[in-house]
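Have a look at the structure below, then the notes.
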């Protein structure tokens, strides 16, 4: 295409499974609209990007405690409502499978395949004690200025 | 007849539209794609999607819960 693409951005602040699913469905939809899509992950949203295995790295006790208390990856997130101590996510995953809906890890994979840019906020990574090695490969790392640069050019900007 | 047939029956949002996009990417301008879906929101979805693109919705109809769309690549 000769003209520059439309842009869409999403800020994923939440680390709730349902909200992350919504964010990735919108991101994949926008990519299907041929938009250049960027998702910025900040605060609890960063947990969506964590690898599911324990990555050995040097951390202070507080960072270690944060690391243990936060969900390790997209498959471990809880629901914003009706979590029931982890039973809720199991139920919704079952229902999603029944309806042939993609799981969150599959939606993330699809987003990558469609060229959705995923940007991790470095300031909140520091706050939560998350290091690059703990997050998925192929991410970009940036701050608020990079987000605003993209958002100013985009017509669809969501905060989830 | 269609140059490409995409079967998105049984797939949930956002897969039909993602498959449609991939299908259109593989076609040349003027070629036709036939797409079938069963997702209940499909009619509105595809009308909106085609409106925002350079493609043309040649035909759309629903029979027994199966939506069929013919899209011409623009």
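Descriptive notes on the structure:
- Members of the range B:49-60 that are in a helix (DSSP H, G or I) and surrounded by 13 or more Cβ atoms within 10 Å (Cβ to Cβ): B:49, B:50
- Enumeration of residues in the range A:28-64 that are free of Cβ contacts under 8 Å to residues at least 24 places away in the same chain and either within 14 Å of chain B (Cβ to nearest Cβ) or assigned to a helix (DSSP H, G or I) (or both): A:29, A:61
- Residue match in the range B:28-44 (condition: on the phi > 0 side of the Ramachandran plot, in contact (Cβ under 8 Å) with a residue 40 or more places away in the chain and assigned to a loop (DSSP other than H, G, I, E, B)): yes
- Qualifying residue in the range B:52-72 (condition: within 20 Å of residue A:107 (Cβ to Cβ), within 11 Å of chain A (Cβ to nearest Cβ) and either without any contact (Cβ under 8 Å) to a residue 40 or more places away in the chain or touching a helix residue (DSSP H, G or I) at 6+ places or on another chain (Cβ under 7 Å) (or both)): no
- Hits in the range B:17-51 - residues which are within 20 Å of residue A:97 (Cβ to Cβ) and within 9 Å of another protein chain (Cβ to nearest Cβ): B:18, B:19
- Looking only at residues in the range A:8-22 that are part of a helix (DSSP H, G or I) and touching a helix residue (DSSP H, G or I) at 6+ places or on another chain (Cβ under 8 Å), the one that is farthest from the other protein chains (Cβ to nearest Cβ) is A:17.
- The requirement of being over 30 Å from residue A:152 (Cβ atoms) and at pLDDT 95 or above is fulfilled nowhere in the range A:21-33; no residue meets it.
- Candidate set from the range A:111-131 (those that are more than 16 Å from residue A:12 (Cβ to Cβ) and in contact with a strand residue (DSSP E or B) (Cβ under 9 Å, 6 or more places away or on another chain)); member that is nearest to the other protein chains (Cβ to nearest Cβ): A:114
- Residue A:67 meets all of the listed conditions (1) within 20 Å of residue A:123 (Cα to Cα); (2) surrounded by fewer than 17 Cβ atoms within 10 Å (Cβ to Cβ); (3) in contact (Cβ under 8 Å) with a residue 12 or more places away in the chain but one, namely (2).
- Only one entry in A:92, A:108 is within 14 Å of the chain's Cα centre (by Cα) and either on the phi > 0 side of the Ramachandran plot or within 14 Å of chain B (Cβ to nearest Cβ) (or both), namely A:108.
- Count of the range A:97-150 residues which are surrounded by fewer than 17 Cβ atoms within 10 Å (Cβ to Cβ), in contact (Cβ under 8 Å) with a residue 24 or more places away in the chain and over 27 Å from residue A:67 (Cα atoms): 1
The values are calculated or read from the model by the stated rules, or taken from the named source; none is laboratory data. This one's a predicted model, so the numbers in the text were calculated from it and none came from an experiment. Don't worry about glycine lacking a Cβ; one is built from the backbone with ideal geometry, like all the others, and counts go over all protein chains shown.
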